[in-house]
Amino acid sequence: MAQTLTKKCSALIIGGSAGSLDVLLEMFPKLRDDLTFPIIIVTHRKSGSDSLLIDLLKSRTSLKVAEAEEKAAIIPGNVYIAPADYHLLIEESGTFSLDYSEKINYSRPSIDVTFQSAADIFHQDLVCILLSGSNADGVEGLKMVNNYGGRVVIQNPLTASMPYMPQQAALNVSVDAVLNSDQMAMYINELNGS
Amino acid sequence: MLIETIDNEQLQILLNDILEVYGYDFLEYSHASIKRRISRLYALDNFVSFAEFRYTIKSDQQYFKRFLEEITVNVTEMFRDPSFYKTLRNEVLPVLGTYPFIRIWVAGCSTGEEAYSIAIVLKELNLLHKSLIYATDINPTVLEKAKKGLFSLHLLKQYSENYLQSGGTKDFSTYYIANYSLAKFDQSLSSKMIFSSHNLVSDHSFNEFQLIMCRNVLIYFDKELQHKVFNLFDNSIEKLGYLALGSKESLDFWPKSKQYKRIKTEKIWRKL
């Protein structure tokens, strides 16, 4: 954890699939309300359920929670949700881009796409968390986060409701922290910059 | 290392080459998206060096055709966003039906799914006979596909569901003939379409329309280019005509947006 204190966090991306919602709902009430970086959430879900996830998270935090909008500026302290049915990318100018290209890992949004795009922009100042899920989306993206020196965190596969996704990450990339769901909020709060 | 095969400097070199050699201007495309598409193609086609990739694109016209097809996104479907088509059916097209002649421009039509969808709605409203649908795209290869009106049969189940949700009441299968793995759409639909290549970045307005549909094209452009394209559309829409965008696209930050009024909750605006 010593390394965590010396590294900067410019953005936190959280990816998850089946079984990840409960983790988000558990962590959000415990997040501090003065985060110095944006949180960007990419989860697999059916199109049309966007507002539901946003409403659920809004009710559990005083942080501003909104859908990631095309070409909108990414503001520290805000929480952004990738819209269903689009890939979410990050531009050098600190704005979002949406992309309706082919599904990756049968998924759109694909966690890989956002992890890779964010790694390309934030390099070592990026923190990515991969939660519960039953496919391997996100793992390729984490490889790139590794290559750029960003930090990789996974939900403990032993306690994740769908262990496959974090397990694949553990097998294929170098992981900085393995956390149970009740440890997530504390880890995120400690990323806050001085 | 799927993505970081092409760095920013190399991307710039490629885009400049393409403008110089072929006249296609991708410099104002959303950077993250086009970088991802080009890196993906580089990996997909197993190039061993950037120099080889660059040389092939510059000197091999056949390869450039593939390049163009692969880096532009051609994912689309019929009756995509059923509630959008419902609004077109119930509110927009009946207004246009009062005109003696209806001109519609589907800009960035890709393989034609949206053009066929709108033709079906026009037909059901008994307006197709006095309509003309101009369907354009930057990419000649997809236009060839669009002209044929052939779509994969395995997609038709989804299209048929979309159609019903959008307020369609007919049996969707009456619009096509299934032939092996393909569905061939009725000629009466394509007979009212004109397919032509048109580059939103560099080409000008070519007619006046009562409805322009440009859905999920502008997300690939940067803000300045989006505004240029809105100006192009503004010059191509009649007074009281309509502009329809994709579900995540918006006119909001364009300086002239106040001259347009949004229709309900859909991404459809009417020129005042």
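If I ask for residues that are surrounded by 15 or more Cβ atoms within 10 Å (Cβ to Cβ) and of a type in the set (S, T, Y), which ones from the stretch A:6-36 would you list?
A:S10, A:S17, A:S20
Could you say whether any residue in the stretch B:224-241 is touching a residue at least 24 places away in the same chain (Cβ under 8 Å), over 23 Å from B:R270 (Cα atoms) and either β-branched (V, I, T) or in the same structural domain as B:E91 (by TED's automatic domain parsing) (or both)?
Within the stretch B:224-241, none of the residues are touching a residue at least 24 places away in the same chain (Cβ under 8 Å), over 23 Å from B:R270 (Cα atoms) and either β-branched (V, I, T) or in the same structural domain as B:E91 (by TED's automatic domain parsing) (or both).
Tell me whether the stretch B:172-192 contains one or more residues that are aliphatic (A, V, I, L, M), farther than 24 Å from B:L128 by Cβ and away from chain A (no Cβ under 14 Å).
no
When you scan the stretch A:122-144, how many residues do you find that are among the hydrophobic types (A, V, I, L, M, F, W, C) and either part of a loop (DSSP other than H, G, I, E, B) or over 12 Å from the mean Cα position of the chain (by Cα) (or both)? Walk me through how you get there before you give the answer.
Filtering the stretch A:122-144 down to residues among the hydrophobic types (A, V, I, L, M, F, W, C) leaves A:122, A:126-131, A:136, A:139, A:142, A:144.
From the residues that got through so far, the ones that are either part of a loop (DSSP other than H, G, I, E, B) or over 12 Å from the mean Cα position of the chain (by Cα) (or both) too are A:122, A:131, A:136, A:139, A:144.
Adding up the residues that qualify gives 5.
Given (1) in contact with a Ser or Thr (Cβ under 8 Å, 6 or more places away or on another chain); (2) of a type outside the set (S, T, N, Q); (3) within 14 Å of chain A (Cβ to nearest Cβ), where does B:F253 come up short, assuming only one miss?
(1)
Filtering the stretch A:70-96 down to residues that are among the acidic types (D, E) and facing another protein chain (nearest Cβ under 7 Å), which residue is surrounded by the most Cβ atoms within 10 Å (Cβ to Cβ)?
At the first step, the residues of the stretch A:70-96 found to be among the acidic types (D, E) are A:70, A:85, A:91-92.
Right, trim to facing another protein chain (nearest Cβ under 7 Å) and you get A:70, A:91-92.
On the way: A:E70: 22, A:E91: 19, A:E92: 11.
Filtering first and then ranking leaves A:E70.
When the residues of the stretch B:80-135 are narrowed to those that are on the phi < 0 side of the Ramachandran plot, among the polar types (S, T, N, Q) and in contact with a strand residue (DSSP E or B) (Cβ under 9 Å, 6 or more places away or on another chain), which ends up surrounded by the fewest Cβ atoms within 10 Å (Cβ to Cβ)?
B:T87
Of the residues A:G138, A:G193, which is in contact (Cβ under 8 Å) with a residue 40 or more places away in the chain and at positive phi?
Checking each option against the conditions leaves just A:G138.
I'd like the residue in the stretch A:94-121 that is within 19 Å of B:E28 (Cβ to Cβ) and aromatic (F, W, Y) and, out of all such residues, is farthest from the chain's Cα centre (by Cα).
Ranking the candidates gives A:Y100 first.
Tell me, yes or no, whether the stretch A:169-179 has at least one residue that is at pLDDT below 95, part of a loop (DSSP other than H, G, I, E, B) and touching a helix residue (DSSP H, G or I) at 6+ places or on another chain (Cβ under 7 Å).
Start the filter on the stretch A:169-179 by keeping residues that are at pLDDT below 95, which leaves none.
Scanning the stretch A:169-179 turns up no residue that is at pLDDT below 95, part of a loop (DSSP other than H, G, I, E, B) and touching a helix residue (DSSP H, G or I) at 6+ places or on another chain (Cβ under 7 Å).
Condition first: more than 21 Å from A:I39 (Cβ to Cβ) and of a type outside the set (F, W, Y). Now tell me which residues in the stretch A:95-120 satisfy that.
Within the stretch A:95-120, A:S101, A:E102, A:K103, A:I104, A:N105 qualify.
Given the structure, is A:P157 over 14 Å from A:A18 (Cα atoms) and part of a loop (DSSP other than H, G, I, E, B)?
When the stated conditions are applied, A:P157 does not pass them.
Hey, among B:F53, B:F67, B:F47, B:F26, which residue is more than 13 Å from every other protein chain (Cβ to nearest Cβ), assigned to a loop (DSSP other than H, G, I, E, B) and buried (at least 20 other Cβ atoms within 10 Å of the Cβ)?
Working: B:F53 fails: assigned to a loop (DSSP other than H, G, I, E, B); B:F67 fails: assigned to a loop (DSSP other than H, G, I, E, B); B:F47 fails: buried (at least 20 other Cβ atoms within 10 Å of the Cβ).
Matching residue, one of B:F53, B:F67, B:F47, B:F26: B:F26.
Looking at the stretch A:121-139, which of the residues that are surrounded by fewer than 24 Cβ atoms within 10 Å (Cβ to Cβ) and of a type outside the set (V, I, T) is farthest from the other protein chains (Cβ to nearest Cβ)?
That would be A:S134.
Suppose we filter B:R40, B:R80, B:R89 for residues that are within 12 Å of another protein chain (Cβ to nearest Cβ), within 23 Å of the chain's Cα centre (by Cα) and part of a helix (DSSP H, G or I); which single one remains?
Just one listed residue meets the conditions, B:R40.
Taking the stretch A:64-113 as the region of interest, how many residues are in a strand (DSSP E or B), touching a strand residue (DSSP E or B) at 6+ places or on another chain (Cβ under 7 Å) and not small (G, A, S)?
Keep residues of the stretch A:64-113 that are in a strand (DSSP E or B), which gives A:64-67, A:73, A:78-81, A:87-90, A:95-99, A:104, A:107.
Next, only the ones that are touching a strand residue (DSSP E or B) at 6+ places or on another chain (Cβ under 7 Å) stay: A:64-67, A:73, A:78-81, A:87-90, A:95-99.
Next, only the ones that are not small (G, A, S) stay: A:64-65, A:67, A:78-81, A:87-90, A:95-96, A:98-99.
Adding up the residues that qualify gives 15.
Only strands (runs of 3 or more DSSP E) wholly contained in the stretch B:199-272 count here; list those with 1 or more residues that are surrounded by fewer than 19 Cβ atoms within 10 Å (Cβ to Cβ) and in contact with a Gly (Cβ under 9 Å, 6 or more places away or on another chain).
B:268-271
Determine which single condition A:L5 fails, assuming it passes every other condition in (1) at pLDDT 95 or above; (2) of a type in the set (A, V, I, L, M); (3) over 16 Å from the mean Cα position of the chain (by Cα).
Of (1) at pLDDT 95 or above; (2) of a type in the set (A, V, I, L, M); (3) over 16 Å from the mean Cα position of the chain (by Cα), only one is false for A:L5: (1).
Among the listed residues B:I71, B:I6, which satisfies the condition of being under 17 Å from the mean Cα position of the chain (by Cα), at pLDDT below 95 and within 24 Å of B:N199 (Cβ to Cβ)?
Exactly one of B:I71, B:I6 is under 17 Å from the mean Cα position of the chain (by Cα), at pLDDT below 95 and within 24 Å of B:N199 (Cβ to Cβ), namely B:I71.
Taking the stretch B:1-23, which residues are within 14 Å of chain A (Cβ to nearest Cβ) and among the aliphatic types (A, V, I, L, M)? Show your work before the answer.
At the first step, the residues of the stretch B:1-23 found to be within 14 Å of chain A (Cβ to nearest Cβ) are B:1-12.
Listed by number, the residues that qualify are B:M1, B:L2, B:I3, B:I6, B:L11.
For the list (1) crowded, with 17+ Cβ neighbours inside 10 Å; (2) in contact with a helix residue (DSSP H, G or I) (Cβ under 8 Å, 6 or more places away or on another chain); (3) in contact (Cβ under 8 Å) with a residue 40 or more places away in the chain; (4) within 14 Å of chain A (Cβ to nearest Cβ), I need the number of the one condition that B:Q165 fails.
(1)
Residue check, A:V152 against (1) within 11 Å of another protein chain (Cβ to nearest Cβ); (2) more than 19 Å from A:H44 (Cα to Cα); (3) within 16 Å of the chain's Cα centre (by Cα), all met but one. Which one?
(1)
The values are calculated or read from the model by the stated rules, or taken from the named source; none is laboratory data. If you're wondering where the values come from, they're calculated on a predicted model, not measured in any experiment. Cβ sites come from the backbone with ideal geometry, for glycine too, and all protein chains shown count toward neighbours.
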